[in-house]
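Q: Okay, here's the structure, questions in a sec.
The values are calculated or read from the model by the stated rules, or taken from the named source; none is laboratory data. Bear in mind the structure is a predicted one, so any value in this text is a computation, not a measurement. FYI the Cβ positions are ideal-geometry reconstructions off the backbone, even for glycines, and counts take in every protein chain you see.
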Amino acid sequence: MIISASYRTDIPAFYGDWFMNRLRAGYCMVRNPYGGQAARVSLRREDADGFVFWTKDLRSFAGRLPEIRDRGYPFVIQYGINGFPKELEPRVPDAQESVRLLREIGGAFGRRVCVWRYDTVAISSLTPPDFHLRNFERLARALSGATDEVVISFLHPYKKTVRQMDNAARRLGFQWRDPPTEKKKSLAAALAQIAKSQNIQLSICAQREYLVPGATDAHCVDAERLSEVAGRKISAGSKGHRKTCGCHESRDIGEYDTCLHGCVYCYAVNDATLAAQRFRDHDPMSEFLFSSAADQQREPGRHQGARLPLFPEETP
């Protein structure tokens, strides 16, 4: 089984000690995001074929990658580098530092290890289409030769996302909009050409309506890429996280409402206060990413309604 760590939270940025402790122990415990039932996930070498790490900040985790490799686990890193204004990404590190790290890791482990993510593409008064064209080209040039793929996705106006974007816009004084499909396709086509000029393939994550010439369907959890990194065949069924997802089957070991980046377009944090409290309660020696007992001791009903569905399109 491929282990995803994690599209529900940024484990490398905030929970690296926990991950390494669980890797050495050979297992972790994960709760179902619906009912909270606990399940044991084996991380033993004979059970875990490899890892897909999702992160916007690899600074504290990069030094752990050699041990993961030496233990025999191949890995792929989905590295989010957007370079957006702080109004949209208040606690994401500077893009230049992330570019440096991605290039360093690509040099040490091979360019197939690193996938650049430029998402979520939000159109706002701070980030109009012209901003994305200039910003994307700058990053693509800086990452040329270090990665061979960039994954993009456009902000989808789910009710929760709209609420978060509206709140941020009022508080911070910007405007945002959801452009029509043709406008998004036009931008995707331009980004694809920029990526191609730097020998980077642009792929689109779970939004096939925006596929244009030069773009491909993203496989963020990609058994074929992981096989190339491993130097051996890794088999996995085609079972994406969403109906339009191109991912291979995996098991995610993260928890929603635990990421501290504060990105206003994020679907994985519904309650920033809860996320901060869970981080404070976090015990890196625990089997679980966070203790449900700590949640239960807080004021009854305080976080009712904060439970996230498994996938963003299932938001009512």
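Q: Of everything in segment 187-216 that's hydroxyl-bearing (Ser, Thr, Tyr) and either closer than 30 Å to ALA5 by Cα or without any contact (Cβ under 8 Å) to a residue 24 or more places away in the chain (or both), which residue is surrounded by the most Cβ atoms within 10 Å (Cβ to Cβ)? Quick ask: steps written out before the conclusion?
A: At the first step, the residues of segment 187-216 found to be hydroxyl-bearing (Ser, Thr, Tyr) are 197, 203, 210, 216.
After this cut, where a residue has to be either closer than 30 Å to ALA5 by Cα or without any contact (Cβ under 8 Å) to a residue 24 or more places away in the chain (or both) as well, the list is 203, 210, 216.
Values: SER203: 23, TYR210: 20, THR216: 14.
Across segment 187-216, the extreme among qualifying residues is SER203.
Q: Return the residue satisfying two criteria in turn: it lies in segment 20-34 and is touching a residue at least 40 places away in the same chain (Cβ under 8 Å) and over 10 Å from GLU287 (Cβ atoms), and of such residues it is nearest to the chain's Cα centre (by Cα).
A: Only one residue fits best here, namely PRO33.
Q: Also: Would you tally the residues in segment 149-170 being assigned to a loop (DSSP other than H, G, I, E, B), touching a Phe, Trp or Tyr at 6+ places or on another chain (Cβ under 9 Å) and either free of Cβ contacts under 8 Å to residues at least 40 places away in the same chain or of a type in the set (Asp, Glu) (or both)?
A: Within segment 149-170, the first condition is being assigned to a loop (DSSP other than H, G, I, E, B), and the residues that meet it are 155-158.
Retained after the next criterion (residues that are touching a Phe, Trp or Tyr at 6+ places or on another chain (Cβ under 9 Å)): 155-156, 158.
If we keep only those that are either free of Cβ contacts under 8 Å to residues at least 40 places away in the same chain or of a type in the set (Asp, Glu) (or both) as well, we get none.
The total comes to 0.
Q: Sticking with this structure for a sec: Looking only at segment 53-80, filter to residues that are surrounded by fewer than 23 Cβ atoms within 10 Å (Cβ to Cβ) and among the aliphatic types (A, V, I, L, M); which one of those is farthest from the chain's Cα centre (by Cα)?
A: So, considering only residues that are surrounded by fewer than 23 Cβ atoms within 10 Å (Cβ to Cβ) and among the aliphatic types (A, V, I, L, M), the one farthest from the chain's Cα centre (by Cα) is ILE68.
Q: Which members of segment 207-225 meet the condition of being more than 17 Å from TRP116 (Cβ to Cβ) and of a type in the set (A, V, I, L, M, F, W, C)?
A: LEU211, VAL212, ALA223 - these are the residues of segment 207-225 that are more than 17 Å from TRP116 (Cβ to Cβ) and of a type in the set (A, V, I, L, M, F, W, C).
Q: Determine, yes or no, whether ARG232 is among the basic types (Lys, Arg) and assigned to a loop (DSSP other than H, G, I, E, B). Full working, then the answer.
A: Details: among the basic types (Lys, Arg): yes; assigned to a loop (DSSP other than H, G, I, E, B): yes.
When the stated conditions are applied, ARG232 passes them.
Q: Please go through segment 181-231 and pick out each residue that is charged (D, E, K, R) and farther than 21 Å from GLY107 by Cα.
A: Of segment 181-231, the ones charged (D, E, K, R) are 182-185, 196, 208-209, 217, 222, 224-225, 228.
Passing the criteria: GLU182, LYS183, LYS184, LYS185, ARG208, GLU209, ASP217.
Q: Also, quick follow-up: Hey, among the residues in segment 178-207 that are in contact with a strand residue (DSSP E or B) (Cβ under 6 Å, 6 or more places away or on another chain) and not aliphatic (A, V, I, L, M), which one's farthest from VAL264 (Cα to Cα)?
A: GLN198
Q: Report, by residue number, each residue of segment 104-163 that is of a type in the set (Asp, Glu) and under 16 Å from the mean Cα position of the chain (by Cα). I'd like the intermediate steps shown before the answer.
A: Applying the first criterion (of a type in the set (Asp, Glu)) to segment 104-163 yields 104, 119, 130, 137, 148-149.
ASP119, GLU149 - these are the residues of segment 104-163 that are of a type in the set (Asp, Glu) and under 16 Å from the mean Cα position of the chain (by Cα).
Q: Can you tell me which residues in segment 217-239 are within 25 Å of PHE154 (Cβ to Cβ) and either surrounded by 20 or more Cβ atoms within 10 Å (Cβ to Cβ) or among the acidic types (Asp, Glu) (or both)? I'd like the intermediate steps shown before the answer.
A: Step one: of segment 217-239, the residues within 25 Å of PHE154 (Cβ to Cβ) are 217-222, 225, 238-239.
Of everything in segment 217-239, those that are within 25 Å of PHE154 (Cβ to Cβ) and either surrounded by 20 or more Cβ atoms within 10 Å (Cβ to Cβ) or among the acidic types (Asp, Glu) (or both) turn out to be ASP217, ALA218, HIS219, CYS220, VAL221, ASP222, ARG225.
Q: Taking the criterion of being in a loop (DSSP other than H, G, I, E, B), at pLDDT 95 or above, surrounded by fewer than 23 Cβ atoms within 10 Å (Cβ to Cβ) and among the aliphatic types (A, V, I, L, M), would at least one residue in segment 22-30 satisfy it?
A: Kept after step one, since they are in a loop (DSSP other than H, G, I, E, B), are these residues of segment 22-30: 26.
Checking which are at pLDDT 95 or above leaves us with 26.
Applying the additional criterion that residues be surrounded by fewer than 23 Cβ atoms within 10 Å (Cβ to Cβ) yields 26.
Cutting the leftovers down to among the aliphatic types (A, V, I, L, M) gives us none.
No, segment 22-30 has no match at all.
Q: What is the one condition in (1) among the small types (Gly, Ala, Ser); (2) surrounded by 21 or more Cβ atoms within 10 Å (Cβ to Cβ); (3) over 20 Å from the mean Cα position of the chain (by Cα) that SER98 does not satisfy?
A: (3)
Q: Please go through (1) under 20 Å from ARG100 (Cα atoms); (2) touching a Lys or Arg at 6+ places or on another chain (Cβ under 7 Å) for ALA206 and return the number of the only condition it doesn't satisfy.
A: So ALA206 meets the others, but not (1).
Q: Looking at segment 98-118, can you tell me whether even one residue there is at pLDDT 95 or above, of a type in the set (D, E, K, R) and touching a strand residue (DSSP E or B) at 6+ places or on another chain (Cβ under 6 Å)?
A: Scanning segment 98-118, I find at least one residue that is at pLDDT 95 or above, of a type in the set (D, E, K, R) and touching a strand residue (DSSP E or B) at 6+ places or on another chain (Cβ under 6 Å), so the answer is yes.
Q: Could I ask something else about it? What pairs can you find where one residue is in segment 106-133 and at positive phi, the other is surrounded by fewer than 21 Cβ atoms within 10 Å (Cβ to Cβ) and among the β-branched types (Val, Ile, Thr), and their Cβ atoms are less than 9 Å apart, with a gap of 6+ or different chains?
A: Hits for this filter: GLY110/VAL229.
Q: A further question follows. Can you give me the number of residues within segment 101-126 that are buried (at least 20 other Cβ atoms within 10 Å of the Cβ) and in a loop (DSSP other than H, G, I, E, B)?
A: Counting residues in segment 101-126 that are buried (at least 20 other Cβ atoms within 10 Å of the Cβ) and in a loop (DSSP other than H, G, I, E, B) gives 2.
Q: Tell me, yes or no, whether segment 290-305 has at least one residue that is surrounded by 14 or more Cβ atoms within 10 Å (Cβ to Cβ), assigned to a loop (DSSP other than H, G, I, E, B) and modelled with pLDDT of 85 or more.
A: For segment 290-305, residues surrounded by 14 or more Cβ atoms within 10 Å (Cβ to Cβ), assigned to a loop (DSSP other than H, G, I, E, B) and modelled with pLDDT of 85 or more: present.
Q: Do you know which residues across segment 1-21 are out of contact with any helix residue (DSSP H, G or I) (no Cβ under 7 Å at 6 or more places or on another chain) and assigned to a strand (DSSP E or B)? First the steps, then the outcome.
A: The initial filter retains those residues of segment 1-21 that are out of contact with any helix residue (DSSP H, G or I) (no Cβ under 7 Å at 6 or more places or on another chain), namely 1, 3-4, 6-10, 12-13, 15, 17-18, 21.
If the condition is that a residue be out of contact with any helix residue (DSSP H, G or I) (no Cβ under 7 Å at 6 or more places or on another chain) and assigned to a strand (DSSP E or B), then ILE3, SER4 are the ones that fit.
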